[in-house]
């Protein structure tokens, strides 16, 4: 297995995962969604609940590819600096998504078109920041700030973004924290140690979540969204003002539940280490072919083992994405191994690649796809136009009701909107791919 082909497999898996994330995050209407495209209400598992752990697993697979050369004892100061810088950048990018355009869009009395131009300037600044084009970053950031100043000078009221209610954790923030810890563990421990650490973390998390009483609750149980230790820690440390508003009493990317999420990433690291065993360029063609089949067999075997173990454990510690329960780690880790095994077998062993091109396009620019598709969705929801009754409605709702709802039942129209949204972004990401522009931190 060559490094190049292995990276194609990983890019395809990453692309499938990020495409699924964008798809489920952007239905035409949240009131009409097929069940597999929704998260489980609390306990349980749907295909949508696979997506985030898959992404953390993929982050883990990439760690040995990027950092294995630093495990031989040479000076690691530079690589630690790189890991910390990348983690901080991803964390701050997650915060920036919620802060842009630095004022409360809906509360301002300025025309939406003018506010949107300011928002676009700040979005362009984020794009050039990822591109490391410092000149254009400075220009677009300056335009955004000048736009805010101009709206104020024109007499429009712009209410400052309320930092006091900013959500601290989130998808990118969790990725940043998990990547930082897992990368450091990889550099300092072998695979046996990593397995041992994973076992201790999963068992320890199960123990503290089921044994330690929660202050103010008569009964401590993970069946209650408020009376479990993870939710209590989120409310105590992050405070209710800084957790996910839709959940109110817990944060699905909270502090304590990040511990088992680290194990999800470690499982990806172990898979990456397993795959690298067959990438030795000194192997003969027959050895490479044999090791490829051994690698994919191992992925399938351990995938089935984790899947079975996770479902057995779920009888005692239910599958729960919001709490990232230990059984959820095992089940989604097993599923990730099986999907990676399928991608590896199809692409690296059988050589079937044509079908995967759209996912490669998404996979090589997964971060900007997540960031900018999210910003676009917020823009479509913030900009308002006149509806059929003359009342102002979000542009996203107008597009859905005008272009999609007349064509199908609400649930199918909602899915058609989501598919169209992801196809639009496939075209935009193809433009970057064609120019060989890869935006990373």
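The values are calculated or read from the model by the stated rules, or taken from the named source; none is laboratory data. Predicted, not measured: the structure shown is a model, and the values here were computed from it. Cβ placement follows ideal geometry from the backbone for every residue including glycine, while neighbour counts extend to all protein chains displayed.
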Exercise for the section: Restrict the check to region 316-331 and report whether at least one residue is touching a helix residue (DSSP H, G or I) at 6+ places or on another chain (Cβ under 9 Å), touching a residue at least 40 places away in the same chain (Cβ under 8 Å), over 30 Å from residue 224 (Cβ atoms) and in a helix (DSSP H, G or I). Expected result: no
Completion exercise
Sole miss for residue 98 among (1) assigned to a helix (DSSP H, G or I); (2) in contact with a helix residue (DSSP H, G or I) (Cβ under 8 Å, 6 or more places away or on another chain); (3) under 30 Å from residue 225 (Cα atoms) is condition (2)
Exercise for the section: Return the residue satisfying two criteria in turn: it lies in region 34-75 and is farther than 28 Å from residue 322 by Cα and out of contact with any helix residue (DSSP H, G or I) (no Cβ under 8 Å at 6 or more places or on another chain), and of such residues it is surrounded by the most Cβ atoms within 10 Å (Cβ to Cβ). Expected result: 66
Exercise for the section: Evaluate region 100-111: report whether one residue or more is under 23 Å from the mean Cα position of the chain (by Cα) and on the phi < 0 side of the Ramachandran plot. Expected result: yes
Practice task
Please state which one of 142, 164 is loosely packed, with under 15 Cβ neighbours inside 10 Å, part of a helix (DSSP H, G or I) and in contact (Cβ under 8 Å) with a residue 60 or more places away in the chain.
Solution key: 164
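Every residue, every condition in (1) free of Cβ contacts under 8 Å to residues at least 12 places away in the same chain; (2) in contact with a helix residue (DSSP H, G or I) (Cβ under 6 Å, 6 or more places away or on another chain); (3) under 26 Å from residue 315 (Cβ atoms), yes or no:
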residue: 191; (1), (2), (3): no, yes, no
residue: 196; (1), (2), (3): yes, no, yes
residue: 201; (1), (2), (3): no, yes, yes
residue: 211; (1), (2), (3): yes, no, yes
residue: 215; (1), (2), (3): no, no, no
residue: 220; (1), (2), (3): yes, no, yes
residue: 223; (1), (2), (3): no, no, yes
residue: 230; (1), (2), (3): no, no, yes
residue: 235; (1), (2), (3): no, no, no
Exercise for the section: Return only the number of the condition from (1) in contact with a helix residue (DSSP H, G or I) (Cβ under 9 Å, 6 or more places away or on another chain); (2) free of Cβ contacts under 8 Å to residues at least 24 places away in the same chain that residue 350 does not satisfy. Expected result: (1)
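Residue-by-condition table, conditions (1) on the phi > 0 side of the Ramachandran plot; (2) in contact with a strand residue (DSSP E or B) (Cβ under 9 Å, 6 or more places away or on another chain):
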position	(1), (2)
392	no, yes
400	no, no
403	no, no
408	no, no
413	no, no
417	no, no
421	no, no
436	yes, no
439	no, no
Exercise for the section: Of the conditions (1) out of contact with any helix residue (DSSP H, G or I) (no Cβ under 9 Å at 6 or more places or on another chain); (2) assigned to a helix (DSSP H, G or I), residue 155 clears all except one; give me its number. Expected result: (2)
Exercise for the section: Among the helices (runs of 4 or more DSSP H) lying completely within region 183-299, list those that include at least 3 residues that are surrounded by fewer than 14 Cβ atoms within 10 Å (Cβ to Cβ) and at pLDDT 90 or above. Expected result: 191-211
Practice task
Say whether the condition of being crowded, with 20+ Cβ neighbours inside 10 Å, in contact with a strand residue (DSSP E or B) (Cβ under 8 Å, 6 or more places away or on another chain) and outside any helix (DSSP H, G or I) is met by at least one residue in region 105-128.
Solution key: no
Problem - residue 49 under 27 Å from residue 183 (Cβ atoms) and either in contact (Cβ under 8 Å) with a residue 40 or more places away in the chain or in a helix (DSSP H, G or I) (or both) - result: yes
Exercise for the section: Report, ordered by the first and then the second residue, all pairs with beta carbons closer than 6 Å, sequence separation of six or more or different chains, a first member in region 410-432 that is within 13 Å of residue 25 (Cβ to Cβ), and a second member that is surrounded by fewer than 17 Cβ atoms within 10 Å (Cβ to Cβ). Expected result: 414/32
Practice task
Report whether or not residue 79 is surrounded by fewer than 21 Cβ atoms within 10 Å (Cβ to Cβ), touching a helix residue (DSSP H, G or I) at 6+ places or on another chain (Cβ under 9 Å) and over 28 Å from residue 325 (Cβ atoms).
Solution key: yes
